[in-house]
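Everything below concerns the one structure shown next.
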Amino acid sequence: MSSATPSPSPAKHLHPWRSRLRNILLAGLLILAPVYLTIYVLILLFNFMDGIFAPVIDRSIGAFLGERGVHIPGLGLLLTLLVVLVLGWLTTTVIGRRVIHSCEAFIRRIPVAKSIYGATKGVLEAVSRDQADAFKRVVLIEYPRRGIYGIGFVTNSSHPWSTGSGTAELLPVFVPTTPNPTSGFLLMVPPEEIIDCPMSVEEGIRMIVSGGILQPEITLVPREEPAPKVALEIRG
C-alpha cells in the first residue's frame, strides 16, 4: 500500500509582480496621505477662520448690494487677522492692557467660562513660546521603572526645585507620549539621574512622533568621570 504524497503547501511568499505592486502602492500612499491630510487641515483652518466673521460680512454685503446669500471667501479670514493684529497691538499699550485685564477678570468670574478660558490660554501660551525656551534639551531617564529608559525634555533648568535635604535638587522633565507629543507626564528628576541625549529638540520630537522609526544613530558609552554614569554619542 503506497503512502499518499503530501499535497504541496500554498506559497507563503507573494509573486514578484505582486510584491512589486504592493511596494509601489505603499510608496504612493506614503506620498499621497501626508499631502492630503495637510491640505485637509489647511482647508478646515481656513473655513474656521473665515467663518468667525463671515455672517457679519455676508449680511453687510447683502444689505449693500440688496441681495441675499452673497459670500466672498477670504474676507472673514482677513477681518479675523485684522482683529488679531488689533488685539495684539492693544497688549503693547498701557490702556489696552488694562482693558484686556478687565475683560479677563470678568471672564474668570463666570464658573464654566473661567475653566475653559484658563485652560485654553495656558495651552496657547505654552505653544506660542519659542521652542528653545520651552524645551531646553533632550534627555533620558529611567521611566517607568528601573532598567527602562524614556525620552524626555528638560523644560527649565535655571530654577531647580530644592528637596529641603541639603543640596538635593530636582529638575522638571516632560516625558511625552507616542505618537502625540502634546500629552505626557511631568516628572521632577534629580540631575544625577538625567542622561543627556546628544540630539536636537526637533530630532527628539520627530523620533517620538514616528514611534522610533526616525532616529539618529546613537550608542551608549560610559562617561569618563569618577562616578560610573552613562552618556550618549552620535556615530556617523
Check your understanding: Sorted by packing (mean other beta-carbon atoms within 10 Å per residue), highest first, where do 52-58, 27-33 land?
Key -> 52-58, 27-33
Check your understanding: Taking θ as phi - 60°, what are the ³J(HN,Hα) couplings along segment 142-152 by the Karplus curve (6.51, -1.76, 1.60), each to the nearest whole Hz, with x for Gly and Pro?
Key -> 7, 8, x, 8, 5, x, 10, 9, x, 7, x
Exercise for review: On the full set of protein chains, 1.4 Å probe, figure out the accessible area of Y40 and give it in Å² to the nearest 10.
Suggested key: 110 Å²
Study note, to complete from the structure: Whole-Hz Karplus couplings 3J(HN,Hα) for segment 56-64, θ = phi - 60° and coefficients 6.51, -1.76, 1.60, Gly and Pro as x, run 5, 5, 4, 5, 5, 5, x, 5, 6
Point to revise | Two-site label geometry, E192 and E217: point separation in nm, points 7 Å out along Cα→Cβ | key: 3.5 nm
Review point. Under the Karplus relation 6.51 cos²θ - 1.76 cosθ + 1.60, θ = phi - 60°, what is the ordered set of whole-Hz ³J(HN,Hα) values for segment 210-216, x standing for Gly and Pro?
Key: 7, x, x, 5, 9, 7, x
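The values are calculated or read from the model by the stated rules, or taken from the named source; none is laboratory data. Everything numeric here is computed off the predicted structure, so don't read it as measured data. Don't worry about glycine lacking a Cβ; one is built from the backbone with ideal geometry, like all the others, and counts go over all protein chains shown. Ligands, DNA and RNA are excluded from the accessible area calculation, which covers all protein heavy atoms including side chains. Shrake-Rupley method; radii C 1.70, N 1.55, O 1.52, S 1.80 Å.
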